[in-house]
Amino acid sequence: MARYSPPLLRRVFSCAATSASPAGGSGAGKKNLVFLGSPQVAASVLDTLLAASGSPDSGFQVAAVVTQPPAAKNRGRKLMPSAVAQLALDRGFPEELIFTPEKAREESFLSDLKEVKPDVCITAAYGNILPQKFLDIPPCGTVNIHPSLLPLYRGAAPVQRALQDGVAETGVSLAYTVRALDAGLVIACERFSVDEYIKAPELLAILFDIGSKLLINELPSILDGSAKEKAHPQDDSKATLAPKLNSEESWLSFDQEAKELHNKVRAFSGWPGTRAKLQLINQNGEADALEIKVISTKVSASCDKAGDENEILFSGSSLLIPCSGSTWLEVLELQLPGKKVTTARDFWNGLRGQKLLKSP
């Protein structure tokens, strides 16, 4: 069976492969499940599936894993497998059954996928568009774990956009994959209350953990076909979109209210982060531009100190930045270019009496 890994990763796979059969035992009488995912949150789902497939009464086995190709990471730019590929290797999954096509529409990949004879495909943050030729292969369909309450937040960044909007509740949905974006029949969903300080990476991990448990519960009905009978269509009139984040969105504008900025910091935590442009005024009154990455914040409706209109103050353990609507953004942690994350107190002490202003 053809492999889709560059030579470097093939060598990594060869060193790690310990078995020639799919995870889950001999596979006698078990349905074939193919898993597609890439980042760490997807690796946790695969781990759950591999564990469940090893149970004596499991009705499925993980027959293949599909993930993004190796990518250059860290300063050395060394090609590294995705988190899903690495998890599969660590669990002794057969190297020849880990596929890393550039695009899911590649004919050679689709041909080899057919050879696996998947009964069902499960996707979790895979990161590649699935063509109709793919969707036609598994007889029980392709089911996606989507971290939102569909039809809300269809798209690439549902958790981030939900946090940016300041929602008090979100959740995770199991839905059949169709060609339209996240528009398939919903098999099941589970709600989750969102507090005002949780950040995107943490919420993503929680929702995919909930989603993996939901999937294990629903897999029997997915495999026997009864899930399609009970699944319900989405109300397209209530659909909202969650477009992919981009780095240009990461700038904070203090002419917005502090609550909006706080939600953006939570939503953009991890990547791309949130940045702000400030001015540092030295003892001679000279101004220097200062760019910071804002890591942790909270909101204050008042300030116990007086300053100029654009002056950034310090109180307790926070930088206090004046925002629209007479609100204040409290910055608890920040990062200077090329430096480690620091507390607002340590940063303030390092200013040694210099004044800090919002950039005009």
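The values are calculated or read from the model by the stated rules, or taken from the named source; none is laboratory data. These numbers were taken from a predicted model, which means no experiment stands behind them. Using ideal geometry, Cβ is built from the backbone for each residue, glycine included, and neighbour counts are taken over all protein chains shown. Remember, those area values only see protein heavy atoms, side chains included, never the ligands or the DNA or RNA. Shrake-Rupley method; radii C 1.70, N 1.55, O 1.52, S 1.80 Å.
I'd like to compare 172-185, 340-353, 47-60: which one has the highest average count of other Cβ atoms within 10 Å, and what's the full order after that? Mind showing how you got there, number by number?
On the way: 172-185: 20.2, 340-353: 13.3, 47-60: 16.6.
So the order, starting with the most tightly packed, is 172-185, 47-60, 340-353.
Using a 7 Å offset from the Cα along the Cα-to-Cβ direction at both Lys117 and Ala205, what is the distance between the two label points in nm, to one decimal?
Output for this residue pair reads 4.0 nm.
As a test, work out the antiparallel percent of DSSP beta bridges whose residues both lie in the chain, rounded to the nearest 5. Present the calculation step by step, with values, prior to reporting the outcome.
Values: 46 of 65 bridges.
About 70 percent, rounded to the nearest 5.
Given the convex hull of the Cα atoms of the chain, what is a quarter of its surface area in nm²? Provide the component values of the computation, followed by the final result.
Working: hull surface 83.0 nm².
If you wrap the Cα atoms of the chain in a convex hull and average its projections, you get 20.7 nm².
Using a probe of 1.4 angstrom, how much of the accessible area of region 93-237 is carbon and sulfur, in percent? Kindly include the intermediate steps, with their values, before the conclusion.
Numbers: 3200 of 6180 Å².
That fraction is 52 percent.
With the cut-off at 1.5 for a/c, could you classify region 129-249 from its C-alpha gyration tensor as rounded, prolate or oblate?
Numbers: a/c = 1.99, a/b = 1.51, b/c = 1.32.
Prolate shape, in that a/c is at least 1.5 and a/b is the bigger ratio.
Hey, what number do you get for the chain at 222 nm if only DSSP H runs of n ≥ 4 count, each worth -39500 (n - 2.57), divided across all residues, to the nearest 500? The partial results should precede the final answer.
Working: 10 runs with 101 residues, N = 360.
Dividing the helical sum by the residues of the chain leaves -8500 deg cm²/dmol.
Quick check: at a probe of 1.4 Å, how many percent of the accessible area of region 265-360 sits on carbon and sulfur atoms? Working shown, then result.
Numbers: 2320 of 5110 Å².
Roughly 45 percent of what the probe reaches on region 265-360 is carbon or sulfur.
Using amide H atoms built in the peptide plane, which far-off residues or other-chain residues are under 5 Å from Gln234 H to H?
It is Val186, by chain and number.
Rounded, prolate or oblate: which fits region 259-334 when a ≥ b ≥ c are the square roots of the eigenvalues of the alpha-carbon gyration tensor, with rounded for a/c under 1.5 and prolate only if a/b beats b/c?
On the way: a/c = 2.06, a/b = 1.24, b/c = 1.67.
Oblate.
Quick check: residue separation of Asp308 and Asp255 times 0.36 nm, minus the Cα distance between them. What number comes out in nm? Working shown, then result.
On the way: separation 53, 0.36 × 53 = 19.08 nm, distance 1.56 nm.
Full extension from Asp308 to Asp255 adds 17.5 nm.
Sort the following peptides by mean Cβ neighbour count (other Cβ atoms within 10 Å, averaged over residues), highest first: 234-246, 252-264, 112-124.
Working: 234-246: 13.2, 252-264: 19.1, 112-124: 20.6.
Peptide ranking by packing, descending: 112-124, 252-264, 234-246.
Mind jotting down the three principal axis lengths of region 182-266 based on Cα atoms? Whole angstrom, largest first.
Sorted from largest, the Cα extents of region 182-266 read 54, 28, 22 Å.
Relative to a virtual label point 7 Å from the Cα of Ser55 in the Cα→beta-carbon direction, which members of region 190-216 show backbone nitrogen distances below 20 Å?
In region 190-216, the label zone of Ser55 (backbone N under 20 Å from the point 7 Å along Cα→Cβ) covers 190, 208-216.
Rolling a 1.4 Å sphere over the protein heavy atoms, what is the accessible area per residue of the chain, to the nearest Å²?
On the way: 17140 Å² over 360 residues.
Accessible surface, normalised per residue, equals 48 Å².
Can you give me the convex hull volume of the Cα atoms of region 196-243, divided per residue and expressed in Å³? Spell out each step's value before the answer.
On the way: hull volume 6.3 nm³, N = 48.
Considering the Cα atoms of region 196-243, their hull volume per residue is 131 Å³.
Can you give the Kirkwood hydrodynamic radius for region 160-211, in Å, rounded to one decimal and based on Cα pairs?
Working: mean 1/r = 0.0834 Å⁻¹.
Averaging 1/r across every pair of different Cα atoms and inverting gives 12.0 Å.
Taking N as the number of residues in region 189-341, what is its alpha-carbon radius of gyration divided by 2.2 N^0.38 Å?
Details: Rg = 21.3 Å, N = 153, 2.2 N^0.38 = 14.9 Å.
After normalising by residue count via 2.2 N^0.38 Å, the value is 1.43.
From the Cα gyration tensor of region 56-162, with a ≥ b ≥ c the square roots of its eigenvalues, which class applies: rounded if a/c is under 1.5, or else prolate if a/b is larger than b/c, or else oblate?
Because its axes are fairly even, with a/c under 1.5, region 56-162 counts as rounded.
Rounded to the nearest 0.05, what FRET efficiency do Leu351 and Ile198 give with R0 = 25 Å and r taken as the Cβ-Cβ distance? Could you check? Show your work: numbers first, answer last.
Details: r = 31 Å, r/R0 = 1.22.
Given R0 = 25 Å and the Cβ-Cβ separation, E is 0.25.
Using packing as a proxy for protection, rank 288-296, 82-90, 207-215 so that the peptide with the highest average count of other Cβ atoms within 10 Å comes first.
Working: 288-296: 16.7, 82-90: 22.7, 207-215: 21.1.
Packing proxy ranking, top to bottom: 82-90, 207-215, 288-296.
Can you give me the Kirkwood hydrodynamic radius for region 82-128, using every pair of distinct Cα atoms, in Å to one decimal? Numbers along the way, then the final one.
Values: mean 1/r = 0.0837 Å⁻¹.
Every distinct Cα pair counted, the radius reaches 11.9 Å.
Give a residue-ordered list of calculated ³J(HN,Hα) values for region 233-241 (Karplus: 6.51 cos²θ - 1.76 cosθ + 1.60, θ = phi - 60°; whole Hz; x for Gly, Pro).
Once θ is set to phi - 60°, the couplings for region 233-241 become x, 7, 8, 4, 5, 9, 5, 10, 9 Hz.
Under 5 Å between amide H atoms, partner at least 5 residues away or on a different chain: which partners does Leu241 have, H built in plane at 1.01 Å?
For Leu241, the qualifying residues are Tyr153, Arg154.
How far apart, in nm, are the 7 Å Cα→Cβ label points at Arg75 and Glu248?
For the pair Arg75/Glu248, the computed spacing is 3.1 nm.
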